[in-house]
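Nothing in this text is a laboratory measurement; each read-out follows from the coordinates by a stated rule. This structure is a prediction, so every number in the text was calculated from the model and none was measured. With ideal geometry, Cβ positions are generated from the backbone for all residues, glycine too; neighbour counts draw on all protein chains shown.
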Amino acid sequence: MPTYEYQCDNCGIFDTLRPMAQRNTSCNCPVCGREAYRVIASAPAMSSLSTSVRIGHATNERASHAPMTSGEYRAHKHPPGCGCCGTGSKTTLCAADGTKGFPTKRPWMISH
């Protein structure tokens, strides 16, 4: 439920949580009980959110079909030999006698 600002003639401005359907209807002041009307006295409080919360909101707001920026793409790329996205095997295997094997390479393709 969103927070809306209301102004009481006796007590001043106060905030209250209300359903969106009731945002423009008057409500009673929590201090004196008089009828108070909605006002817009301040800007939305997005700047007071933590960085991680703002990034989360931005991620949720971006459409799923939106392409990644070049910075996001570079941050998403993994270094060569990363096993988390591929088959999980290393590019080079070392045997007990010290010989190297390349299980992901094609040994029959020596040159073009």
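What the Cβ-Cβ distance of residue 55 and residue 26 gives, at R0 = 35 Å and to the nearest 0.05, is a FRET efficiency of 0.40. Relative contact order, whole percent, for region 3-43 stands at 43, derived from Cα pairs under 8 Å and 6 or more residues apart.
If r is the Cβ-Cβ distance from residue 10 to residue 40 and R0 is 22 Å, what FRET efficiency results, to the nearest 0.05? The calculated FRET efficiency here is 0.60.
Rounded if a/c is under 1.5, else prolate if a/b is larger than b/c, else oblate: which is region 3-43, with a ≥ b ≥ c the root eigenvalues of its Cα gyration tensor? It is oblate, given that a/c is not under 1.5 and a/b is not larger than b/c.
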